[in-house]
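Right, one structure below, let's go through it.
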Amino acid sequence: MRIRKVLFMAGTMVGVGLSLGHANPASAQAYKVDTVHSTSIFKIKHMNTSYSYGRFNDISGQFSLDASGSLDFVVKTDSIDTGNANRDKHLKGPDFFNAVQYPTISFKSKSVTKTGADTYRAAGDLTLHGVTQPLTITLTRVGAGKDMKGRSTLGFETEFAIKRTDYKMNKLLEGAGDDVKIIVSVEGVQ
């Protein structure tokens, strides 16, 4: 009888710990960016006439959207892809991204706040072209599930705009506008 009582009390304590989240370390784990299913797309005006689009093919990092949420992303500037090899070479050069001197673009959050059922606000620093500026973005949780290996997955998307002159990318403004609109769609796996 006494053993049953001890087991009941131990089971109750474990149950309370689970309900408070103390015994579930997986909920606090970060998601690693799935580089195959994540992308960063941008558009910029060309000659004040039409939009030119491009993407970066190499995005990595990790994130969590729990109570102590964080975002930490790195994009390789050399992975720029606009569908035109000559334009890509120019964009990688000193007139624009200067990929040799500044090989990465990064965003690191300082805070992540849940703002709705599927929305979050992340405030942090964007580093581009050797310049770091504060940036606040809105994240929309797209979905969650399991991948083919049974691992937990989570995806979100954000849209925001920056001025390239804020990052000392000042050349050829008459040809390529100052305002850059960016969409980042990330899928992460635990």
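Data table
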quantity: Hey, Leu173 among the aliphatic types (A, V, I, L, M) and touching a residue at least 12 places away in the same chain (Cβ under 8 Å) or not; calculated: no
quantity: Any hit, region 76-86, residues being aliphatic (A, V, I, L, M) and touching a Leu at 6+ places or on another chain (Cβ under 6 Å); calculated: yes
quantity: Subset of region 65-90 (residues that are of a type in the set (A, V, I, L, M, F, W, C) and under 22 Å from the mean Cα position of the chain (by Cα)); calculated: Leu65, Ala67, Leu71, Phe73, Val74, Val75, Ile80
quantity: Hits in region 149-190 - residues which are among the small types (Gly, Ala, Ser), more than 17 Å from the chain's Cα centre (by Cα), in a strand (DSSP E or B) and within 19 Å of Tyr51 (Cβ to Cβ); calculated: Ala176, Gly177
quantity: Of all residues in region 116-138 being among the hydroxyl-bearing types (Ser, Thr, Tyr), closer than 19 Å to Ser185 by Cα and surrounded by fewer than 17 Cβ atoms within 10 Å (Cβ to Cβ), the one that is farthest from the chain's Cα centre (by Cα); calculated: Thr119
quantity: Every residue from region 139-153 that is out of contact with any Ser or Thr (no Cβ under 6 Å at 6 or more places or on another chain) and either within 17 Å of Ser185 (Cα to Cα) or not hydrophobic (A, V, I, L, M, F, W, C) (or both); calculated: Arg141, Val142, Gly143, Ala144, Lys146, Lys149, Gly150, Arg151, Ser152, Thr153
quantity: Pairs, first more than 23 Å from Arg164 (Cα to Cα) and touching a residue at least 24 places away in the same chain (Cβ under 8 Å) in region 176-190, second of a type in the set (Lys, Arg) and assigned to a strand (DSSP E or B), C-beta under 8 Å, six or more apart; calculated: Gly188/Lys32; Val189/Lys32; Gln190/Lys32
quantity: Residues of region 131-147 that turn out to be over 16 Å from Asp34 (Cα atoms) and either hydrophobic (A, V, I, L, M, F, W, C) or in contact (Cβ under 8 Å) with a residue 12 or more places away in the chain (or both), as a count; calculated: 8
quantity: Sole exception among (1) modelled with pLDDT under 95; (2) part of a helix (DSSP H, G or I); (3) among the polar types (S, T, N, Q) for Ser68, by number; calculated: (2)
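The values are calculated or read from the model by the stated rules, or taken from the named source; none is laboratory data. None of the values given here were measured: they were computed from a predicted structure. Using ideal geometry, Cβ is built from the backbone for each residue, glycine included, and neighbour counts are taken over all protein chains shown.
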